[in-house]
1. What about VAL11, is it at pLDDT 95 or above, at negative phi and surrounded by fewer than 16 Cβ atoms within 10 Å (Cβ to Cβ)?
2. Would it be correct to say that TRP101 is more than 16 Å from LEU52 (Cα to Cα) and touching a residue at least 60 places away in the same chain (Cβ under 8 Å)?
3. What are the residues in the range 80-135 that are touching a helix residue (DSSP H, G or I) at 6+ places or on another chain (Cβ under 8 Å), open to solvent by 70 Å² or more (accessible area, probe 1.4 Å) and part of a loop (DSSP other than H, G, I, E, B), if any?
4. Provide a single number: the residues in the range 1-13 that are part of a helix (DSSP H, G or I) and farther than 27 Å from PHE78 by Cα.
5. Counting only residues that are outside any loop (DSSP other than H, G, I, E, B), among the hydrophobic types (A, V, I, L, M, F, W, C) and touching a residue at least 12 places away in the same chain (Cβ under 8 Å), which one in the range 17-50 is most open to solvent (accessible area, probe 1.4 Å)?
6. What are the pairs, 6+ residues apart or on separate chains, where a residue within the range 135-147 that is closer than 13 Å to GLN74 by Cβ has its Cβ under 6 Å from a residue that is open to solvent by 40 Å² or more (accessible area, probe 1.4 Å) and assigned to a helix (DSSP H, G or I)?
Amino acid sequence: MVKFAVRHGAVDGLFFYPKSVQEKAFELGLSTREKMNRKRKIFMTEFYVVMLVALVLIVGLWNKLSDFWPAYFQALLFLEVMNWYDGIVIDKLWVGHSKFWILPGCEGIPYIQTWKQMLKKRLILTAIWIIGAFIVAGIVVLIFKNN
């Protein structure tokens, strides 16, 4: 989904960048705060809807789970693996080693999180996904319990 969101260039994903890069991009006229916020809102809405639907279908339809706790633990496993994969493989390796993400005029500004920042973000998301898995499991039970 990220690849599709930035199909016209990395500036379309400006909302992924640290504030310092965003501010410099605004100064350079690469984008505006309003345009970036609109793209963030659209992307995040689509992302969460697609991920929720996909996860409910994987757990309930494909893996045929309909009891709460098995559905919860499987949803939690998917969410946590995705969380850490995103932080390590996508952010640190793909983004961190790709020239695609370097915005013109922002070459000297760090655009990826440090290991400490990434670990902090992933630990916070770990806690959030513990709650998110309850939501997924609840939806799975509602849809697939008596099917």
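1. No, not satisfied.
2. Here the answer is yes, as TRP101 does meet what is asked.
3. PRO110, the sole residue that qualifies.
4. Final tally of qualifying residues: 3.
5. For the range 17-50, the residue satisfying everything is VAL50.
6. These pairs meet every condition: ALA137/PHE68; VAL141/PHE68.
The values are calculated or read from the model by the stated rules, or taken from the named source; none is laboratory data. What you see is a predicted model; the values in this text were computed from it and never measured. Because the Cβ atoms are built from the backbone with ideal geometry, glycine has one as well, and the counts that use them run over all protein chains shown. When the accessible area is computed, the model is the full protein with side chains, heavy atoms only, and any ligands, DNA or RNA have been set aside. Shrake-Rupley method; radii C 1.70, N 1.55, O 1.52, S 1.80 Å.
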